[in-house]
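The values are calculated or read from the model by the stated rules, or taken from the named source; none is laboratory data. Since this is a predicted model, take the numbers as computed values, not measurements. Every residue, glycine among them, receives a Cβ derived from its backbone with ideal geometry; neighbour counts consider all protein chains shown. Areas reflect the complete protein model, heavy atoms only, side chains present, ligands, DNA and RNA absent. Shrake-Rupley method; radii C 1.70, N 1.55, O 1.52, S 1.80 Å.
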Amino acid sequence: MPHRLAPTALAVLALAGLSASLPDSATAQTPQTPPPVICQQDAAYRQFDFWVGEWEVFGNQNGALAGRNHIEARHGGCVLVERWESNGGGGGMSMNYYDGTTGLWRQVWVSVNYNIDIQGGLDDQGRMVLEGEIHTYPGGGQSLPFRGTWTPQADGNVRQLFEQQDPSTGAWQVWFDGRYEPRGGQVASGARP
């Protein structure tokens, strides 16, 4: 009596024969070279790197510790992510990136009581100056002109000045004036231009 193979065994033998007859290129995938990261090739994407690091932030007017800030370059340096912790218990986050299509830096900040959307770039003094609006939530909310200026200092510190425009007078008023000092006195590696 002839020996019969079960249907499952026939299927396994058929698949084994098929894979043995396939060329090597079909069975082994060759790794593809990833595309170049534009953020690592264009110096414009590095303009805000002086802000990258672990910081203690002090008020320039009263010298008191205002909070701590962590700014990290992510995704090949294409975005700077900010995580702020206030001494008063509040906090917030921002995403900062260079938009190669507009040639502008943009910051989008979000916290519990307000968000900020500002854009701009380096001025002729090497300061990062971003302008736009602050949007507050309590009391029905309002949107006001807002700007931030980050100035790298020779000692490795960074001055951050936020100003809000008074809608009745048009005058710019200081919203926050802070001095960023590297935590532990150490300047982050690669954080300076």
- Item | Selection count where residues are open to solvent by less than 80 Å² (accessible area, probe 1.4 Å), in contact (Cβ under 8 Å) with a residue 24 or more places away in the chain and within 21 Å of ILE38 (Cα to Cα), scope the range 74-99 | 6
- Quick check: anything in the range 133-151 open to solvent by less than 80 Å² (accessible area, probe 1.4 Å), hydroxyl-bearing (Ser, Thr, Tyr) and touching an Asp or Glu at 6+ places or on another chain (Cβ under 9 Å)? yes
- Task: Give the residues of the range 26-52 that are assigned to a helix (DSSP H, G or I) and either modelled with pLDDT of 80 or more or at positive phi (or both), sorted by residue number.
- Result: CYS39, ALA43, ALA44, TYR45, ARG46, ASP49, PHE50, TRP51
- Query: Scanning the range 151-181 for residues that are within 23 Å of ALA64 (Cβ to Cβ) and of a type in the set (Asp, Glu), which turns out farthest from the chain's Cα centre (by Cα)?
  - Reply: ASP155
- Considering only the range 103-131, state which residues are open to solvent by 50 Å² or more (accessible area, probe 1.4 Å), of a type in the set (Asp, Glu) and not in a strand (DSSP E or B). ASP124
